[in-house]
Amino acid sequence: MKSGSNLERVFLSGQFACTAEIGPPKSTSSRSISRHAAALKDYADALNLTDNQTAIVRLSSIAASVHVMKAGAEPVIQMTCRDRNRIALQSDLLGAYSLGVRNLLCLTGDHQSFGNHPTSKNVFDLDSVQLIRAVQQLRDGKVFVSGDKCKYEPRMFIGAAANPFGDPFAYRVVRLAKKVAAGADFIQTQAIFDVERFKRYMDMVRDMGLHEKTYIMAGIVPVKSATALRRNAEVPGMAVPDELVKRMAGVPKEKQKEEGVRIAVELIQQVREIEGVKGVHIMAIAWEDIVPELVDRAGLFPRPQLAKEDGDTSG
């Protein structure tokens, strides 16, 4: 499949991929997006744009992707099922592709009770697996969910999320298998702090042969303090080893930010050695400026510069 995606070309070339994340602002201003995109474009193969993360209203990921492309970077738009029915999801997909977007991450989305509009009505007409299948059918079969034909199909590089740490643990790989079967070309995992547990997850992934059917990217979240690390440990479905928390807490507060960088670099280097892991996705939440240093110190810079091949589509 040739989508015209730089991220896809990196995977196909056998290079270890690296993506980063930008959270759109809670306003109409594009300044922060443009600034971050310009600073990160040489350090990431593509930049994720979240879709009203934590159910809080923000600039749309599709609009944000235009600013990213203007800055010379490649976007990955996130699309959640919480706020749109299948008509709106497919319409936004067509619109995003027409603007030049070639990467899509399909998500169910945080429940609105987590955000600042808890009484708003959710939609969840489709879940993430059904959305992946809908996009795959539209791309490869040129057919909408309704069965109607699409003359000019959106050839998206399709992504999905995976949580290696939720309970029941064995079901995590079953859930991943469903997304791969639905058509997920690449996977971004939840933040990895517990490498040993993640290794056990990847053992199950390889046992099912899923590492040969999709590109798996390990999620990396750099933290600035022991307090921030403890908060991550309290998030349902996250796994943070006690020794990691103790390590951060044992460092003076003024040096904890540097320790957080050191830990993130170590995590990148450790997951890179795990068979089946094809890249990392760095989620430097409200700390995007640290990404270049992480990428450089982890030995992932410079990023590959790959020319488009015949068959690639353009914007």
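The values are calculated or read from the model by the stated rules, or taken from the named source; none is laboratory data. If you're wondering where the values come from, they're calculated on a predicted model, not measured in any experiment. Backbone-built Cβ (ideal geometry, glycine too); neighbour counts: all protein chains shown.
Scan segment 268-291 for residues that are among the hydrophobic types (A, V, I, L, M, F, W, C) and either crowded, with 20+ Cβ neighbours inside 10 Å or more than 13 Å from Val223 (Cβ to Cβ) (or both) and report the count. Steps first, answer last, please.
Filtering segment 268-291 for residues among the hydrophobic types (A, V, I, L, M, F, W, C) gives 268, 271, 274, 277, 280, 282-287, 290-291.
Checking the rest, the ones that are also either crowded, with 20+ Cβ neighbours inside 10 Å or more than 13 Å from Val223 (Cβ to Cβ) (or both) come to 268, 271, 274, 277, 280, 282-284, 291.
Counting residues in segment 268-291 that are among the hydrophobic types (A, V, I, L, M, F, W, C) and either crowded, with 20+ Cβ neighbours inside 10 Å or more than 13 Å from Val223 (Cβ to Cβ) (or both) gives 9.
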Does at least one position in segment 97-108 carry a residue that is among the basic types (Lys, Arg), more than 12 Å from Gln53 (Cα to Cα) and either modelled with pLDDT under 95 or crowded, with 23+ Cβ neighbours inside 10 Å (or both)?
yes
So Ala161 fits all but one of (1) over 18 Å from His211 (Cβ atoms); (2) surrounded by 16 or more Cβ atoms within 10 Å (Cβ to Cβ); (3) not charged (D, E, K, R); what number is the exception?
(1)
Selection from segment 11-58 of residues closer than 18 Å to Ala161 by Cβ, among the aliphatic types (A, V, I, L, M) and touching a residue at least 60 places away in the same chain (Cβ under 8 Å) yields Ala17, Ala20, Ile22, Ala44, Ala55
Of the conditions (1) surrounded by fewer than 17 Cβ atoms within 10 Å (Cβ to Cβ); (2) closer than 29 Å to Met202 by Cβ, the single one that Asn122 does not satisfy is (2)
Only one of these conditions is not met by Arg155: (1) of a type outside the set (Asp, Glu); (2) buried (at least 16 other Cβ atoms within 10 Å of the Cβ); (3) touching a helix residue (DSSP H, G or I) at 6+ places or on another chain (Cβ under 8 Å); (4) not in a loop (DSSP other than H, G, I, E, B). Which number is it?
(4)
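If you check Ala161 against the conditions, is it touching a strand residue (DSSP E or B) at 6+ places or on another chain (Cβ under 7 Å) and either within 21 Å of Leu7 (Cβ to Cβ) or assigned to a helix (DSSP H, G or I) (or both)? If you could, list the steps in order and put the result at the bottom.
Details: touching a strand residue (DSSP E or B) at 6+ places or on another chain (Cβ under 7 Å): yes; either within 21 Å of Leu7 (Cβ to Cβ) or assigned to a helix (DSSP H, G or I) (or both): yes.
The answer is yes for Ala161.
For every residue, the table says whether it meets (1) at pLDDT below 95; (2) over 21 Å from Gly100 (Cβ atoms); (3) under 15 Å from the mean Cα position of the chain (by Cα).
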{"residue": "Gly14", "(1), (2), (3)": "no, yes, no"}
{"residue": "Ala20", "(1), (2), (3)": "no, no, yes"}
{"residue": "Ser29", "(1), (2), (3)": "no, yes, no"}
{"residue": "Asp42", "(1), (2), (3)": "no, no, no"}
{"residue": "Ala46", "(1), (2), (3)": "no, no, yes"}
Scanning for something surrounded by 23 or more Cβ atoms within 10 Å (Cβ to Cβ), closer than 13 Å to Ile158 by Cβ, of a type outside the set (Phe, Trp, Tyr) and modelled with pLDDT of 95 or more, does segment 69-77 turn up at least one residue?
yes
Any residue in segment 281-309 that is under 16 Å from Leu7 (Cβ atoms) sitting within a Cβ distance under 9 Å of a residue that is at pLDDT 95 or above and of a type in the set (Lys, Arg)? List the pairs, counting only those 6 or more apart or interchain.
Val295/Arg303; Leu300/Arg272; Pro304/Arg9; Leu306/Arg9; Ala307/Arg9; Lys308/Arg9; Glu309/Arg9
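For segment 240-300, list the helices (runs of 4 or more DSSP H) that sit wholly inside it and hold at least 1 residues that are under 27 Å from Arg9 (Cβ atoms); which are they? Break it down stepwise before answering.
Values: elements: 242-249, 256-272, 291-297.
It comes to 256-272, 291-297.
Would you confirm whether or not segment 164-186 contains a residue that is within 18 Å of Gly95 (Cα to Cα), in contact with a Leu (Cβ under 8 Å, 6 or more places away or on another chain), of a type in the set (Val, Ile, Thr) and crowded, with 17+ Cβ neighbours inside 10 Å? Write out each step before concluding.
The initial filter retains those residues of segment 164-186 that are within 18 Å of Gly95 (Cα to Cα), namely none.
For segment 164-186, residues within 18 Å of Gly95 (Cα to Cα), in contact with a Leu (Cβ under 8 Å, 6 or more places away or on another chain), of a type in the set (Val, Ile, Thr) and crowded, with 17+ Cβ neighbours inside 10 Å: absent.
Filter segment 1-47 for residues that are of a type in the set (Val, Ile, Thr) and surrounded by 21 or more Cβ atoms within 10 Å (Cβ to Cβ) and give the result.
Listed by number, the residues that qualify are Val10, Thr19, Ile22, Ile33.
Given the criterion modelled with pLDDT of 95 or more and more than 30 Å from Arg31 (Cα to Cα), identify the matching residue among Ala284, Ala264, Ala249.
Details: Ala284 fails: more than 30 Å from Arg31 (Cα to Cα); Ala264 fails: more than 30 Å from Arg31 (Cα to Cα).
Only one candidate qualifies: Ala249.
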Of the candidates Val251, Val265, Val205, Val245, the one satisfying the condition of being of a type outside the set (Gly, Ala, Ser), under 23 Å from the mean Cα position of the chain (by Cα) and surrounded by fewer than 21 Cβ atoms within 10 Å (Cβ to Cβ) is Val265
Which residue pairs have Cβ atoms under 6 Å apart, sit 6 or more places apart or on different chains, and have a first residue in segment 232-250 that is under 13 Å from Val221 (Cα atoms) and a second that is of a type in the set (D, E, K, R) and part of a helix (DSSP H, G or I)?
Ala239/Arg197
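Would you check which residues across segment 139-184 are acidic (Asp, Glu) and either touching a Phe, Trp or Tyr at 6+ places or on another chain (Cβ under 9 Å) or farther than 18 Å from Gly237 by Cα (or both) and list them? Step through it out loud before you land on a result.
Narrowing segment 139-184 to residues acidic (Asp, Glu): 140, 148, 153, 167.
Residues satisfying the conditions are Asp140, Asp148, Glu153.
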Looking only at segment 198-239, count every residue that is more than 22 Å from Gly183 (Cα to Cα), in a helix (DSSP H, G or I), out of contact with any Leu (no Cβ under 8 Å at 6 or more places or on another chain) and not charged (D, E, K, R) and tell me the total.
6
